[in-house]
Amino acid sequence: MVKKLFKHEFIYYLRTFGMFLPIVLAIGAVMRIFRLFNGKNVISQIAIGSSSLMLVLACSALIFLSTVISVVRFYKNMYSSEGYLTFTLPVTNEQHIFVKLITALVCHAICTITVIIAACIALSGQLLADVFDLILKLLESAGAIF
């Protein structure tokens, strides 16, 4: 029965994040395409800046949503009106919590790996030192580093 619980939990997460993961990867690819045609004109700089902002927002939203959806899924299955059906299954409470925890961790890991892959796609061809210099310049301009 625990295998069926795992199956249904993973199906739920696949339906939920099935569209978000390719979108984040596509935004990373679009940013890479804009960076390939890096010009000195204003339109090129606006395209690179807006795609960078979209990538940061999409990656942040993906990580945030994976956490929120995991918590909501746990609450709905255990404490809402869905809970009466959940507790009729022939598994213990510990097994329910174990299944929900493992599937949430796997989903969060997949979302994190997708964010890393999207960042690698977007920043490929640029040296790692340049990326760290850019991050430090952004933090200094924001006033985060004194």
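Of note:
- For the stretch 1-97, applying the loop criterion from DSSP together with a ceiling of 13 other beta carbons within 10 Å to the trypsin sites (Lys or Arg not before Pro) yields Lys40.
- C-alpha long axis of helix 2-17 to longest principal axis of the chain, angle in °: 30 degrees
- For the chain, the longest principal axis of the C-alpha atoms and the axis of helix 42-79 are separated by about 10°.
- Each residue of the stretch 89-105 was assigned a 3J(HN,Hα) from its phi angle through the Karplus curve 6.51 cos²θ - 1.76 cosθ + 1.60 (θ = phi - 60°); the sequence is 6, x, 10, 7, 4, 5, 5, 4, 5, 4, 5, 5, 5, 5, 5, 5, 5 Hz, with glycine and proline shown as x.
- Loop-resident sites, the stretch 1-100, for chymotrypsin sites (Phe, Trp or Tyr not before Pro), counting at most 16 other Cβ within 10 Å (DSSP): Phe37, Phe87
- Taking the 1.4 Å solvent-accessible surface of the stretch 4-129 as the whole, the part contributed by carbon and sulfur is 77%.
- Per residue, the accessible area of the stretch 1-143 comes to 67 Å² when a 1.4 Å probe rolls over the protein heavy atoms.
The values are calculated or read from the model by the stated rules, or taken from the named source; none is laboratory data. Computed from a predicted model, the values in this text were never measured in an experiment. We place every Cβ from the backbone using ideal geometry, glycine too, and count neighbours over all the protein chains shown. With ligands, DNA and RNA removed, areas are computed over all heavy atoms of the protein, side chains included. Shrake-Rupley method; radii C 1.70, N 1.55, O 1.52, S 1.80 Å.
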